[in-house]
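Below is one structure; the comments refer to it alone.
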Amino acid sequence: MNDQRASGSRSLQDRFGTAPGNLCVWRTVVLRGRGVTLREAERQDALSLFTILGHPQIAPAVVPALHSPADLAARIESGARARRDGRGMWLTVISDSGVVAGVFRVQEIEPEFGSAEWEFAVAHEQWGGGLFYRAAPILIDFVFDALGARRLEARAAMPNARSRAALRKLGAVQEAVLRQSVRLDGVYYDQVLLTLFADEWRARRDVIRKIH
C-alpha cells in the first residue's frame, strides 16, 4: 500500500474507504495491500472463521471461547454495530486467492480512539507464509492514520510465544506482565502487554515492510 500521509496526494477516503472528519459514522472499511485484503467481517464468514479459530493451536487463545459458528456470527454482528458507532470493528483477512485466511479485531480504549487495542488470528496453514506481515501493517496504518490513535496495544498469553514474537517483529514493545490475567482451559496465565505508538510506527514502518 502506498505510504503517503493524509496530507499527501491521496485522501483518507482514497486510502481506507472512509471520510476524514466523519469517522464516528464509518463507511464500510476495505483495506488492500500486497496479496491481501482486509474487509469488514460478515455473518457469512462465520463458518470459515470458526474453522480457523477452532484449530487446536489457535483455539486455546480465543477468549471467551467460541462454541459454534452461530456464536461467532453473533460476535461479528456485535462488531458491525461497534463499527457503525465508531468504536471498533472486525476485519476478515482475504488472501490473494480469495480465501478467508484470518481475522483482526480492533476497538477503542479511550473515547474517539485516543488509544486502541487489537487482536488477530491467521489460519494455521498460512503460518510462515508472510500473510500476517502483509496484513498487519495495513491495519496499523489505518488505526494511526485514519482513526487518529496514538497508542495501540495487544495482550498475548504467556504460552502464546508465536503471537508475542510476531508483535515484536512489528516493533511492539513489552510494557508489562499482567499476572494471572487470562483463563485458558481452566488455568490462569500471565499476559504480556505489548504496545505500538503512532510516531514510532511512522518512523520505522518502511524499514519493517522491507524486512518482512
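Just so you know, all these numbers are worked out from the coordinates, no wet-lab data involved. Computed from a predicted structure; not experimentally measured. Using ideal geometry, Cβ is built from the backbone for each residue, glycine included, and neighbour counts are taken over all protein chains shown.
Once amide H atoms are built 1.01 Å from N in the peptide plane, which residues 5 or more positions from Ser181, or in another chain, come under 5 Å H to H?
Tyr189, Asp190, Gln191
If each residue of separation counts as 0.36 nm, what is the full-extension length gain between Val187 and Glu125 once their alpha-carbon separation is subtracted? Show your work: numbers first, answer last.
Working: separation 62, 0.36 × 62 = 22.32 nm, distance 2.74 nm.
Gain on stretching Val187 to Glu125: 19.6 nm.
Evaluate region 147-212: find the radius of gyration of its Cα atoms, find its Kirkwood radius, and give the ratio Rg to Rh.
Ratio of gyration radius to Kirkwood radius for region 147-212: 1.05.
Calculate, in nm to one decimal, what Gln57 and Arg39 gain on full extension: separation in residues at 0.36 nm each, minus their alpha carbon distance.
Working it through step by step, the gained length comes to 4.0 nm.
Semi-axes of the equivalent ellipsoid for region 45-116, please: Cα gyration tensor eigenvalues, times 5, square-rooted, ordered largest first, whole Å.
22, 14, 12
Which of Asp71, Asp185 has the fewest other C-beta atoms within 10 Å, and how do the rest follow up to the most?
Ascending Cβ contact count within 10 Å gives the list Asp185, Asp71.
Once you've got the GNM for the chain with C-alpha springs shorter than 10 Å, pick whichever of Arg43, Arg179, Arg151 has the biggest mean-square fluctuation.
In the Gaussian network model the winner is Arg179.
Just grab the label-to-label distance for Asp96 and Asp206, each label 7 Å out from Cα along the Cβ direction, in nm (one decimal).
2.3 nm
So if R0 is 41 Å, what FRET efficiency would Glu175 and Arg75 give, r being the distance between their Cβ atoms, rounded to the nearest 0.05?
The computed FRET efficiency comes out at 0.90.
Would you list Met158, Met89 from fewest to most Cβ contacts within 10 Å?
Ranked by crowding around the Cβ, least crowded first: Met158, Met89.
Report, largest value first, the span of the C-alpha coordinates of region 13-211 along each principal axis, in whole Å.
The Cα atoms of region 13-211 stretch 45, 37, 34 Å along the principal axes, largest first.
Based on other C-beta atoms within 10 Å, arrange His67, His124 from fewest to most. Could the numbers behind the result be given before it?
Working: His67 9, His124 14.
So the residues, fewest neighbours to most, are His67, His124.
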